[in-house]
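The values are calculated or read from the model by the stated rules, or taken from the named source; none is laboratory data. Keep in mind the model is a prediction, meaning the values are calculated, not measured. Here Cβ is always computed from backbone atoms with ideal geometry, including for glycine, and neighbour counts include all displayed protein chains.
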Amino acid sequence: MKNYPLKIQKNFDEDPRIIDEIERILQIRRGFIFQLAKHEPIVFIISGGLDSSLILDKILKELQCTIFPVYVERGAKAEAFEKESVIFFTNYYQEKYPGLLKDLMLCKTDIPPKDVKQFIPAERLMTIGHPMRNAILQSIGVQYGVGLSYANQINIHTIFTATSPDDTFPHSSLLALRCLTLAACIDNGDWEWQVTSPLVETYLWGKISKKDMVLYATENKLPLEKTRTCTSGSSIACGICPECLCRLNAFKMAGIKDPINYVQR
């Protein structure tokens with residue numbers, strides 16, 4: 001049996017044996033790993049980036065679910081530009097798919113807290129990311145889903161994020177999502193909860209890469225130039241951060257020119 005390292009530097013090192021065990025627990029306890037009904041209400045964590053902005057079109061068009069989008073103002077350098085993109089795509093899809101996409105919820109909380117953030121070295125941010133960042137974002141999605149269910153007399157149990165198979169941080173993995181699903185079920189005392197990404201969900205469309213999304217957006221004439229990927233505080237994408245490099249590689253693999261400008265290319 002293959003031995004896996006104790007310290008994981010990227011999502012490609014996730015242990016499929018653990019995924020199998022978690023999925024076995026879900027199957028035993030509730031009879032399914034992932035399931036989704038047409039028109040089911042979903043909380044969608046949107047960032048304004050390539051993945052979340054574009055996969056939202058596919059969700060609305062093919063699943064026809066009622067989507068409650070939420071953007072977390074978390075103190076990021078690029079927050080103003082992310083919000084601009086998020087607001088644009090919310091309005092864009094509300095017009096394109098009337099009634100399916102609800103109004104955007106803006107939720108403000110620093111991730112991580114500023115008092116903690118000052119101690120985290122840049123090297124870690126470039127290789128592993130902020131500690132528990134995605135887990136906190138997805139937990140906010142669960143909290144929003146619970147609140148919406150009570151406020152609107154609906155039944156929300158599905159949280160979508162936009163984790164991509166191209167993302168390399170440890171928290172950007174199917175394993176991490178299955179763990180959050182298990183935690184949400186236990187914490188709420190309700191085994192119907194599921195936290196996942198339509199870009200990696202095995203029981204939905206399987207793996208959808210950034211290249212796939214670029215091709216999908218081009219085919220469906222989606223405004224790629226309105227997405228915000230760069231994490232720098234500049235209005236023009238830096239072209240050298242891990243997120244920019246991953247985006248540029250996706251466009252290169254797709255054979256399509258990225259419509260946005262970069263400081264360095």
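Taking every residue in region 164-184 that is of a type in the set (K, R) and pairing it with any residue that is surrounded by 23 or more Cβ atoms within 10 Å (Cβ to Cβ) and part of a helix (DSSP H, G or I), at least 6 positions away or on another chain, yields no pair with a Cβ-Cβ distance below 9 Å. Any residue that is assigned to a helix (DSSP H, G or I), at pLDDT 95 or above, within 23 Å of I140 (Cα to Cα) and hydroxyl-bearing (S, T, Y) - is there at least one of those in region 180-194? Checked against the condition, which is being assigned to a helix (DSSP H, G or I), at pLDDT 95 or above, within 23 Å of I140 (Cα to Cα) and hydroxyl-bearing (S, T, Y), region 180-194 yields at least one hit. Of all residues in region 39-60, those being touching a residue at least 60 places away in the same chain (Cβ under 8 Å) and not in a strand (DSSP E or B) number 14. Taken together, S164, S149 contain a single residue that is under 16 Å from the mean Cα position of the chain (by Cα), hydroxyl-bearing (S, T, Y) and farther than 19 Å from P112 by Cα, which is S164. The single condition among (1) touching a helix residue (DSSP H, G or I) at 6+ places or on another chain (Cβ under 6 Å); (2) at pLDDT 95 or above that S172 does not satisfy is (2).
When you look at I140, is it crowded, with 16+ Cβ neighbours inside 10 Å and among the β-branched types (V, I, T), yes or no?
Working: crowded, with 16+ Cβ neighbours inside 10 Å: yes; among the β-branched types (V, I, T): yes.
When the stated conditions are applied, I140 passes them.
Looking only at region 192-250, residues that are without any contact (Cβ under 8 Å) to a residue 24 or more places away in the chain and either within 21 Å of T90 (Cα to Cα) or crowded, with 23+ Cβ neighbours inside 10 Å (or both) come to 2 in all.
Given the criterion surrounded by fewer than 18 Cβ atoms within 10 Å (Cβ to Cβ) and closer than 27 Å to C241 by Cβ, identify the matching residue among P131, P170, P165. I'd like the intermediate steps shown before the answer.
Numbers: P170 fails: surrounded by fewer than 18 Cβ atoms within 10 Å (Cβ to Cβ); P165 fails: surrounded by fewer than 18 Cβ atoms within 10 Å (Cβ to Cβ).
Answer to the check: P131.
Considering the conditions (1) outside any strand (DSSP E or B); (2) within 16 Å of R228 (Cα to Cα); (3) modelled with pLDDT of 95 or more, Y71 is excluded by exactly one of them, (1).
Yes/no per residue for (1) at pLDDT 90 or above; (2) under 23 Å from R74 (Cα atoms):
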{"position": "A122", "(1), (2)": "no, yes"}
{"position": "Q138", "(1), (2)": "yes, yes"}
{"position": "I154", "(1), (2)": "yes, no"}
{"position": "W205", "(1), (2)": "yes, no"}
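Can we say E73 is under 17 Å from the mean Cα position of the chain (by Cα), over 15 Å from L222 (Cα atoms) and free of Cβ contacts under 8 Å to residues at least 24 places away in the same chain? For E73, the condition - under 17 Å from the mean Cα position of the chain (by Cα), over 15 Å from L222 (Cα atoms) and free of Cβ contacts under 8 Å to residues at least 24 places away in the same chain - is not met.
Can you tell me which residue within region 122-163, out of those that are aromatic (F, W, Y) and touching a residue at least 12 places away in the same chain (Cβ under 8 Å), is nearest to K58 (Cα to Cα)? I'd like the intermediate steps shown before the answer.
The initial filter retains those residues of region 122-163 that are aromatic (F, W, Y), namely 144, 150, 160.
Checking which are touching a residue at least 12 places away in the same chain (Cβ under 8 Å) leaves us with 144, 160.
On the way: Y144: 23, F160: 13 Å.
Going through the qualifying residues, I end up with F160.
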